[in-house]
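Working notes, structure below.
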Amino acid sequence: MDFSFTVEQHDFAAAVAELLRTHCTPEHVRATKSGFDRDRWKRLADIGMASVCVPEPHGGLGGDDLDLLLAVEECGSAALPEPVVESTTAATALGAAMESGARDGGHADHAVLLARAAEGDALLTVSAPTDPYVAAADHAAALLLEREGAWYVVDRDRAALTPQPSVDAPRTLFTVEWDSDGGTLIARGEAARAMSAAVLNRGALLSGAYLLGAARRLIEMSVSYAKDRIQFGRPIGSFQAVKHHLADAFVAVEFARPQVWRAGYSLTSGAATADRDVSAAKASASAAAERAAAVALQVHGAIGYTHESDLHLWLTKVWALSRAWGNAEWHRGRVASSLIDQRLTARLP
Amino acid sequence: MDLSFTPSEREFRAEVRAWLAANVPPEPLPSFDTAEGFRRHQDWEALLADAGWSVITWPTEYGGRDASLMEWLVFEEEYYRAGAPARVSQNGIFLLAPSLLEFGTEEQKRRFLPPMGRGEEIWAQGWSEPEAGSDLANIRSRAERVTGGWRLTGQKIWSSRAAFGHWLFGIFRTDPDSRRHRGLTYFLVPLDAPGVTVRGIPQLDGLPGFAEVFFDDVFVPDDQVLGEVGRGWYVAMSTTGSERGLTLRSPGRFLATADRLAALVSDLGDGAAPTLRDRAAQAWIDADAYRLYTFHTESRMRAGAQIGAESSANKIFWSELDRALHRIALDLLGTRGTLTAQAPDAAEYGRWLDGFLFALAGPIYGGTNEIQRNIIAERVLGLPKEA
Ligand SMILES: Cc1cc2nc3c(=O)[nH]c(=O)nc-3n(C[C@H](O)[C@H](O)[C@H](O)COP(=O)(O)OP(=O)(O)OC[C@H]3O[C@@H](n4cnc5c(N)ncnc54)[C@H](O)[C@@H]3O)c2cc1C
């Protein structure tokens, strides 16, 4: 039993964090009105962010979820606007479909598409099996969409997008209409079912990792605000009510983190309990992040309730991602059916 | 990252499991807060000790097996899964022993550890006093220097297992001019020493799970001082770290309870309201999180990290988890959940009520959860002290 990440995994996350410190400040996030900054995405791709999980033959690094988790947490900590969860999930799914040979034509095009995605020159997105809207469809070159038990790659230009503006404006959402002959089939039958499961699990896992970062940052911002803000002649952080709110948020995040990591391990190692492990992780991460967001807003008072403070850049991310890819209740339901309906309790070898 | 167990850990687990399967009493023992139950639990400790399972992390010379922390976590998972008896010796083996091993003289270790590990001498913790609860540094019980030792005077309270136990480890003020954390000394005191009076106090279940202990000029020889004179707080805090952190409440305990809760919901079928099903899933997820957090901590410790104030996060998490698990079970059972184990209808459900009452104390002992939140806020998050 070894819960540690490799030096390379730590170094990669540190490199992502470093890049984001320079190119994803709150000012940058505010300036990214469209939700996508090609230059920043390209820079991230240059250090490997878009290619970690793409198979080597397709221009990727052939890594796995564990290689990404720490880096995605850093993205959350920076409130990165670019759709790192969806694009990674889409690229991984397409790569896997091509690797397994579960494809019906269009292979050459997809190879080019995947290679461009790995380079950061094209964006991919994917529909979450739990959600009615597709994120970042407007920035994507192609969309991975599911229809009647089969998966397709659909050129963005061949899909009709209806924007559905949401509270997290940079995370653009769309209803997508498309003709089946506008898409290329990549999986059907058993392969499509497996792809749906993998897409859902990966999206939930990565959004969980992103939420950990956002929650961590919300707590850091609130702690530093609580040290500075003076009321009744002393810093508000000396008041016990404020301390206890922050301590509770901290505890929730600290305990959610190893669960997210374990979910990554279970997915990577193809554990029989992977679905349940991912659901436990997303339920905990969503709940912890919601708690951190609520506490952060309360600790900031009115200034937190404005667009003048940077806080909202993280609050909106939490509100969106804690619900996307299955909210806490949805995932608890999945844990419950495994535990209670199937009586799969024991986790001991 | 490799979250599988090694072959040797698996082998170890199989050995523990087999022994427990053959030896755990089929019927639960009577509560160790009764005279008979106390004795029966001591017998169980002797059986465990004979097989080398009572204190596996201790050095072999004192009755242990030099087991690693990971082996201990595995042992605990199996122990609670098997429904083995509660540890009547827990204050000694989990709280005093780490301090004895760290601060004790060789003679003290040889004198005290083996009978502690065999359950022959049961220890009680004597820290709290009527005026020193959360504010533990407000200790007033004192010790006066006399030839060859000390004379103890004062009162301890809420001392678990003291009603039937044999020894007490406690902190007393040895420097009359000292204040707060200074001038305290850690003593080991036999509860049958002349001048000691023990009065059991019934807990919420009506049984004397703790006691108040009066000291009236009790002589304690020098070789029953643990650590340096005047450094009692420091020695005591090493024990508190164990109490809040890993060693007192291992994940195996909550994992087993969470699995039993899930089985209870399954058994009730449509009798379990959807909201309770959801709460049970949440509690199970939290038990799982506690387990993973502990494994993560174990990895960090193996890599050389020291656990400090984070152990307060641990204490909040397990105590609230335990309370939630039992509360949900009682809610699932409705009025039946309020029956004591003696009620004919209670059947096996009576254990949930006992567990519930016990779980309610978790947020109080070992430093209340409010105190733990203060510690996290100030020492982990770095917020300013209260004015
Ligand atoms: C089942 C059980 C077993 C125990 N076993 C032992 C034992 O074996 N040995 C032993 O020495 N002690 C034992 N204790 C005692 C335990 O350590 C104390 O109960 C605990 O430290 C709290 O002290 P208190 O009960 O005096 O409560 P108080 O300190 O009076 O606290 C009452 C309430 O006020 C709150 N409060 C106090 N100070 C603050 C503050 N600064 N900030 C915010 N809130 C505050 C507390 O959190 C609590 O909610 C046991 C207690 C229980 C319930």
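Data for the structure
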{"quantity": "Test: B:Glu320 is of a type in the set (Asp, Glu), at pLDDT below 95 and assigned by TED's automatic domain parsing to the domain that holds B:Tyr365", "calculated": "no"}
{"quantity": "Qualifying residue in the range A:278-287 (condition: more than 9 Å from chain B (Cβ to nearest Cβ) and open to solvent by 10 Å² or more (accessible area, probe 1.4 Å))", "calculated": "no"}
{"quantity": "Residues located in the range A:113-131, provided they are among the hydroxyl-bearing types (Ser, Thr, Tyr) and surrounded by 22 or more Cβ atoms within 10 Å (Cβ to Cβ)", "calculated": "A:Thr125, A:Ser127"}
{"quantity": "A:Arg216 being within 22 Å of A:Thr92 (Cα to Cα), open to solvent by 10 Å² or more (accessible area, probe 1.4 Å) and part of a helix (DSSP H, G or I)", "calculated": "no"}
{"quantity": "For A:Ala320: the one exception among (1) touching a helix residue (DSSP H, G or I) at 6+ places or on another chain (Cβ under 7 Å); (2) assigned to a helix (DSSP H, G or I); (3) open to solvent by less than 30 Å² (accessible area, probe 1.4 Å)", "calculated": "(1)"}
{"quantity": "Residue in the range B:252-275 that is without any contact (Cβ under 8 Å) to a residue 12 or more places away in the chain, more than 14 Å from every other protein chain (Cβ to nearest Cβ) and at positive phi present", "calculated": "no"}
{"quantity": "Yes/no for B:Glu386 being over 20 Å from the mean Cα position of the chain (by Cα), charged (D, E, K, R) and assigned to a loop (DSSP other than H, G, I, E, B)", "calculated": "yes"}
{"quantity": "Any hit, the range B:128-143, residues being at pLDDT 95 or above, over 21 Å from B:Arg173 (Cβ atoms) and within 16 Å of the ligand (Cβ to nearest atom)", "calculated": "no"}
{"quantity": "Where a residue in the range B:121-132 is away from chain A (no Cβ under 14 Å) and in contact (Cβ under 8 Å) with a residue 24 or more places away in the chain and its partner, wherever it lies, is assigned to a loop (DSSP other than H, G, I, E, B) and near the ligand (Cβ under 9 Å from one of its atoms), with Cβ under 7 Å and at least six apart", "calculated": "B:Ile122/B:Arg161; B:Ala124/B:Arg161; B:Ala124/B:Ala162"}
{"quantity": "The range A:189-205, residues that are in contact with a Gly (Cβ under 9 Å, 6 or more places away or on another chain) and either open to solvent by less than 10 Å² (accessible area, probe 1.4 Å) or without any contact (Cβ under 8 Å) to a residue 40 or more places away in the chain (or both)", "calculated": "A:Ala192, A:Gly203, A:Ala204, A:Leu205"}
{"quantity": "Of residues in the range A:229-242 being in a helix (DSSP H, G or I) and free of Cβ contacts under 8 Å to residues at least 12 places away in the same chain, the one nearest to the other protein chains (Cβ to nearest Cβ)", "calculated": "A:Ser238"}
{"quantity": "Hey, B:Ala86 more than 14 Å from chain A (Cβ to nearest Cβ) and away from the ligand (no atom under 16 Å from the Cβ) or not", "calculated": "no"}
{"quantity": "Among (1) in the same structural domain as B:Phe215 (by TED's automatic domain parsing); (2) on the phi < 0 side of the Ramachandran plot, the one test that B:Gly64 misses", "calculated": "(1)"}
{"quantity": "Residues within the range B:279-290 that are under 21 Å from the mean Cα position of the chain (by Cα) and either more than 19 Å from B:Gly362 (Cα to Cα) or at the interface with another protein chain (Cβ under 8 Å from one of its Cβ atoms) (or both), tallied", "calculated": "4"}
{"quantity": "Only listed residue being more than 14 Å from chain A (Cβ to nearest Cβ) and within 24 Å of B:Pro251 (Cα to Cα), chosen from B:Leu321, B:Leu360, B:Leu325, B:Leu333", "calculated": "B:Leu360"}
{"quantity": "Only one of B:Ile316, B:Ile364, B:Ile371, B:Ile376 that is in a helix (DSSP H, G or I), within 16 Å of the ligand (Cβ to nearest atom), open to solvent by 30 Å² or more (accessible area, probe 1.4 Å) and not aromatic (Phe, Trp, Tyr)", "calculated": "B:Ile371"}
{"quantity": "Top-ranked residue of the range B:282-313 - restricted to ones that are among the aliphatic types (A, V, I, L, M) and part of a helix (DSSP H, G or I), ranked as modelled with the lowest pLDDT", "calculated": "B:Met301"}
{"quantity": "B:Val213 vs. criteria buried (at least 17 other Cβ atoms within 10 Å of the Cβ) and within 14 Å of another protein chain (Cβ to nearest Cβ)", "calculated": "no"}
{"quantity": "Residue check, B:Phe164 touching a residue at least 60 places away in the same chain (Cβ under 8 Å) and not assigned by TED's automatic domain parsing to the domain that holds B:Arg111", "calculated": "yes"}
{"quantity": "Of residues in the range A:247-277 being farther than 21 Å from A:Ala215 by Cβ and either in contact with a strand residue (DSSP E or B) (Cβ under 7 Å, 6 or more places away or on another chain) or among the charged types (D, E, K, R) (or both), the one nearest to the other protein chains (Cβ to nearest Cβ)", "calculated": "A:Arg276"}
{"quantity": "The range A:171-183: number of residues that are modelled with pLDDT under 95 and either in a strand (DSSP E or B) or crowded, with 18+ Cβ neighbours inside 10 Å (or both)", "calculated": "1"}
{"quantity": "Cβ-Cβ under 6 Å pairs, at least 6 apart or on other chains, the range B:148-159 side of a type outside the set (D, E, K, R), far side near the ligand (Cβ under 7 Å from one of its atoms) and not in a strand (DSSP E or B)", "calculated": "B:Ile157/B:Ser128; B:Trp158/B:Ser128"}
{"quantity": "Hey, B:Ala35 farther than 29 Å from A:Tyr265 by Cβ and within 14 Å of another protein chain (Cβ to nearest Cβ) or not", "calculated": "no"}
{"quantity": "Number of the exception - B:Arg351 against (1) within 30 Å of A:Gln240 (Cβ to Cβ); (2) away from chain A (no Cβ under 12 Å); (3) away from the ligand (no atom under 12 Å from the Cβ); (4) crowded, with 16+ Cβ neighbours inside 10 Å", "calculated": "(1)"}
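The rows are residues; the columns are (1) assigned to a loop (DSSP other than H, G, I, E, B); (2) of a type in the set (Gly, Ala, Ser).
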| position | (1), (2) |
| --- | --- |
| A:Glu74 | no, no |
| A:Glu82 | yes, no |
| A:Gly95 | no, yes |
| A:Met98 | no, no |
| A:Gly101 | yes, yes |
| A:Asp131 | yes, no |
| A:Trp151 | no, no |
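The values are calculated or read from the model by the stated rules, or taken from the named source; none is laboratory data. This one's a predicted model, so the numbers in the text were calculated from it and none came from an experiment. We place every Cβ from the backbone using ideal geometry, glycine too, and count neighbours over all the protein chains shown. For the accessible areas, the whole protein counts, side chains as well, though only heavy atoms, and no ligand, DNA or RNA atoms are used. Shrake-Rupley method; radii C 1.70, N 1.55, O 1.52, S 1.80 Å.
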